[in-house]
Structures are given as structure tokens and as C-alpha cells.
1. Calculated from the structure, semi-axes √(5λ) of the Cα gyration tensor in Å equals which of (i) 34, 25, 19; (ii) 50, 22, 19; (iii) 49, 26, 21?
2. Given H placed on each backbone N at 1.01 Å, which residues far from Val312 in sequence or on other chains put an amide H within less than 5 Å of it?
3. Pairs to check: Lys2/Lys300; Lys112/Lys325; Lys203/Lys300; Lys2/Lys244; Lys147/Lys244; Lys73/Lys147. Give those whose C-alpha atoms are more than 26 Å from each other in this structure.
4. Enter the angle in degrees (range 0 to 90, nearest 10) between the Cα long axis of helix 333-356 and the first principal axis of the Cα atoms of the chain, meaning the one along which they spread out most.
5. Where does region 118-223 land on Rg(C-alpha)/(2.2 N^0.38 Å)?
6. Given a Förster radius of 25 Å and the C-beta distance between Cys308 and Ala191 as r, what FRET efficiency does 1/(1 + (r/R0)^6) yield to the nearest 0.05?
7. With a cap of 11 neighbouring Cβ atoms within 10 Å, and only residues DSSP puts in a loop, list the trypsin sites (Lys or Arg not before Pro) found in region 324-364.
8. I need the GluC sites (Glu not before Pro) found in region 112-173, filtered to DSSP loop residues with at most 10 other beta carbons within 10 Å of theirs.
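What follows draws every value from the coordinates through simple rules; no lab data is involved. Computed from a prediction, not measured in an experiment: that's the story for all the values here. Don't worry about glycine lacking a Cβ; one is built from the backbone with ideal geometry, like all the others, and counts go over all protein chains shown.
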Amino acid sequence: MKNTFGHNVSVTLFGESHGASVGAVVDGLAPGLPVDEDFIAVMLTRRRPQGRISTARQEADRFVIESGVFEGKTTGTPVCIRIPNEDTRSADYTAQRRLVRPGHADYTAACKYHGYEDYRGGGHFSGRVTAALVAAGALVIPALAAKGIRVATHVSRLGGVEDRPFENLCVDMDRLAAGGFPVLDPSAEAAMTERILNARENKDSVGGVLETVVTGLPVGVGEPWFDTVEGVLSHALFSIPAIKGVEFGDGFALADTTGSAANDAFRVVDGRIVTVTNHNGGINGGITNSMPVVVRCAVKPTPTIGLCQDSVDLIDGTNAQLEAKGRHDPCIVHRAAVVADCVVALALCDLLAGRYGTDWLGAV
């Protein structure tokens, strides 16, 4: 399926940036899962714009659960969540019928859909659709937590400004779960905010790196070769707009070291097998080894910027220049942290259902 991810627990996305709504259908959830609508609303709030460092578009994200939930519990049938679009200004994108934005999907979408695509605000390719991913992920995060599995993401780097790494995982994950700007060092927020505002002032944008940690996963989850934990998580994470790189553990840095330095030595501690280090990010042979899974995503700068850029006119077939109008983010990294949490949670549900059965996370 072209807009569906997952084999055991699947999520299908629908909607466009300036259409009537965006949403998701989640299938394969066990019956009896508690559905916390307040938690879904909190997670959607964390994704929404935050003042001058984000787009001026303000969506209330008043979601509607259309099916699959009865009396606060999943029924076992597909759950459909719909989020109406209420703050669109489609006239801002009239020029995009002709002039494609560099770095965006305007040109490739026009080629793929033969000119019938909804080009307004990026259409189906817009970051607006990630609201549906967040709502879907927020359905299952409490179920994972009930099994002792936690997911947390912070902005590791933004515009060259570094946050500190994870240290005390329990404390750091609690800090991120409390909301606010997703960093571990409070001083990093001010420096990152300044970097974003500078980019905005210059009609430009900045990118960064997200770091996600998963704790509590049982050993033995994942398959060799094509359904490795890295493969499934990467597949899901690359669905987030602007993600251009994914690495696990020390990732690309391992290419510049030696086996003796890269290997994670095994020890028995309190009757449990653990590794002394975690260079491989909690995964060996595509399978979890009980250590925290660590994954980082490179987020490119927002492609829609106010500077004049070279483009082409799709109607005339001529060279042109474009100064993008409308409302756009000078940086999406901080807003994407909660999206990474939710996408990872959905992918983990698919992996765990494949290992233990679809009822494993449920109440039956």
C-alpha cells in the first residue's frame, strides 16, 4: 500500500495540507487498549507551532476519533482519527502551480501525479500531515509504557548548537515527557532559539539532529536481513518530511574506529546480561540486545524560504526565479521531536506484534 506502513500493526495516512482534514487509520491494535484522548491532545500540542520560531499557521488540531474506539477502549477494528484543517490560506500558493520550490516535492509530485496533485502548502507531502502521525502514535505510547517501554527524543543539535547527551536516562526521559522545548540542557534552548530567529530574520532556515532513545525493550525483537530493528525504524522515520539521514548507536563514527573500540563487551550484572558500552545502539544482528536503542535523525533545513532562488516555470518550460510567500517554519527540528517519538512507537508496535502477537499490548 502506497500510504501504509506496517505488517502487523499498520498506519495509513490521508489528507493534504489545505484539504478538509488530515488523518490516520491504525489497524491491528488489540481490543481493550485504553485510549487517552487528553494524552493525544497533549502530544498534538507539542507538535504545534511555538511563537516566532515557527510558522504563523495556527491549527487547533481538534481531532475526532471516527471509529475503532468504544467507551474509551479500542474495539480491535481499525481506529480512524481525523484532524480538520481550520487555518488555511491557499491563495499564498497560487504561484506554485507554475514555479516549483527548490528542495521541496513540488516538481516530483507534479511528475508523479501528472499535474493533478494538490499543490497548496505542499499537499500530501506537507509537514501538516505529521499531525496525523502524532495522533496515531499517541494512541499506542501509553500501551508501550504499560509494558515498561519508553520513548524519548531531544534536539541533539540545531543550527550548529549542541545539547548535552543523555546521561541519567530515567531522569532525562521524565524531563522530556514534561514537555517544553525538547532539550536536556536548559541553556541550549536559548542558543537554539536565537539561531532560529537569526535564520528567520535572514529569510532562511536551519536544520539539526534529533536523538531518540528507547528503553525497556525485551531482548530478541527484530529479524535478520530485511526486517531488522534498524530497517523497520529507518523505514518509518524516513516518512517524516526533511529526514535525510538515520544512524544507530555511534553510527557513521564507527567507520573511523577499530573493532576493539566499537565492540560492546558483555557482562553479567545482577543476573542480567548487559553490555559495558552501547556503541551499537542496543542492536546486534538487527535484533535488540536489551540495552537502550539509540537512533539519530538528520533533519535538513526547511526548504521553503523567503530568499530569491532559481526555479523553473512548469507551464512555460522556462527558467524562472521564486521568492516563496506564505507561512513557513524557519526550523522544524524542535517540532519534529514529538513526531519521531510517535513514529518510533508505531514501528515498535509493529515489531513487537510480529514477535509476540497482536494481543501482546492489549488487555486480553
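1. (i)
2. Val100, Ala320
3. In this structure, Lys147/Lys244 lie more than 26 Å apart at Cα.
4. Rounded to the nearest ten degrees, it is 50.
5. Ratio of Cα Rg to 2.2 N^0.38 Å: 1.29.
6. Efficiency for this residue pair is about 0.30.
7. When the trypsin sites (Lys or Arg not before Pro) of region 324-364 are filtered for loop state and at most 11 Cβ neighbours within 10 Å, nothing remains.
8. Those that pass, being in a loop and sparsely packed, are Glu167.
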